[in-house]
1. From the mean inverse distance of alpha carbon pairs (Kirkwood) and the Cα radius of gyration, derive Rg over Rh for segment 109-247.
2. Mind checking the dipole of the chain: about its Cα centre, +1 per Lys or Arg Cβ, -1 per Asp or Glu Cβ, Debye to the nearest 20?
3. Could you work out how much longer the chain between S291 and A273 gets when fully extended? Use 0.36 nm per residue separation minus the Cα distance between them, nm to one decimal.
4. Just need the relative contact order of segment 325-394 here, percent rounded to a whole number, with Cα pairs under 8 Å and 6+ apart.
5. Hey, could you grab the Kirkwood Rh for segment 2-230? Inverse mean 1/r over distinct alpha carbon pairs, Å, one decimal.
6. Output the DSSP H helices from the chain with an along-axis C-alpha extent of no less than 30 Å and a mean Kyte-Doolittle hydropathy no less than 0.5.
7. Return the Cα extents of segment 193-344 along principal axes one, two and three, sorted largest first, each rounded to a whole Å.
8. Check each of the chymotrypsin sites (Phe, Trp or Tyr not before Pro) in segment 100-209 and keep only those in coil by DSSP with at most 13 other C-beta atoms within 10 angstrom; list them in order.
Amino acid sequence: MHLVTALLVLGSLAHVLWSGLADRGVALAFGALVAVGELARGGDPAQEREPAPLGAAGALAYALLGENAGHPTMHSALQVVAVTSAAFLVGCVPQVALGRAPLPDHLARRVLSTAFAAVCFQPLYNSGKLTDLLGPGPAYALWLVVLLALTALCDAVLAAALVRARTRWPFGPLLRDELRAMRGIGSAVGATGVVLALAVAVAGLWALPVFCLPLLLTQLSFSRYAAVRTTYRQTITSLARATEIAGYTPQGHARRVAALSRAVGRDLGLTAADLVVLEYAALMHDIGQLSLVDPVPDGATAVLPATEQRRIALLGGAVVRQTGVPADVAVVVELQADPYREQPLTARIVRTANAYDEMARKEGPGGPLAALERLRLGTGHDHQPEVVESLARVLSRGGLAPVGG
């Protein structure tokens, strides 16, 4: 997909250099909008689905633009790709200098989604067939909305396919999460793109700064929310390390269990909201051990009586409830010592990931394989078979490396 994107960008630039730039003023205005959107990009591109919503909206609007103040535009789909890609690269130069280079996946999605919208709209409009079929009335605006929905679906499919190729997670749940994410900043980007295209068609290029201001304010608010969310997760991670600092659990145990649990949850198709609950619960699953007078060797509470395990789990849940995280996280922590058939799936995943990390650490060089075999032997009573097999798939993708101390 990256190769296709590179060839498409190079071919589009070559086409524009050969045939010239149609509607130069319009192209420069939208190119400037996309570049400004990239300059205003904030946050961690690896954590945000759309780190530059203003630039994405500008690219979409240019792809769906048919008129400028009542005068038809004649730019081609290839020119749309060339102008938006060049503006994107120009806007990214300062970001690269600051060490915030955009991810190749984001670039591929942006280019291919914009190209999809342009190919669906520009040839029909430039040939006059779209005007003959729909006219300038409500049907024309409805067609833009339909194209917006199709472009959003295309973008979601591309995003899910790229993650699937990189991680081998199931495609269906990935696509579902991408479509659900459209309800957030994605819907604002799409709506602004269509409104910009319609507004420029009536009022001209002066509509660009007027209609971009709400999205810019939304982007600033979203960036602040993302920063708060990142700080919140860092606080939970620091709190989870309290058991390691106090000597109750081995170094890195909570982090490893959280990483394994999230990967297994992905493999089993959990939603994005459930994955957040799963990760937080995995990070804090041992917090109840702080109530012990003497630490359990290596933090392995499985050797304790069942009543003591439940007491520690309930105390851990009580601590978690005081942190302000969702109540579902506390429930997962509280149910760690219960039989797996009485647990929700998230608790079963944490239980299995925790047991694997403890077993693999004790068994030496052959720990990962030996731990998996012991987990499989315990599927009749202690662990859900589907969760154990999912863990095996996750480990096979990353290799059965020994668990660090």
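What follows is calculated from the coordinates using simple rules that are stated; it is not laboratory data. In this text, all values refer to a predicted model and were calculated from it rather than measured experimentally. Every residue, glycine as well, gets a Cβ built from its backbone with ideal geometry; the counts of neighbours run over all protein chains shown.
1. 1.13
2. On the way: 33 positive and 30 negative charges, 58 e Å.
Roughly 280 debye for the chain.
3. Extending this stretch completely gives an extra 3.5 nm.
4. Relative contact order for segment 325-394 comes out at 27 percent.
5. Numbers: mean 1/r = 0.0563 Å⁻¹.
After inverting the mean inverse Cα-Cα distance, the result is 17.7 Å.
6. The answer, listed by residue number, is 77-97, 138-167, 207-240.
7. 75, 32, 23
8. Here the chymotrypsin sites (Phe, Trp or Tyr not before Pro) that fit, given the DSSP loop and packing criteria, are W206.
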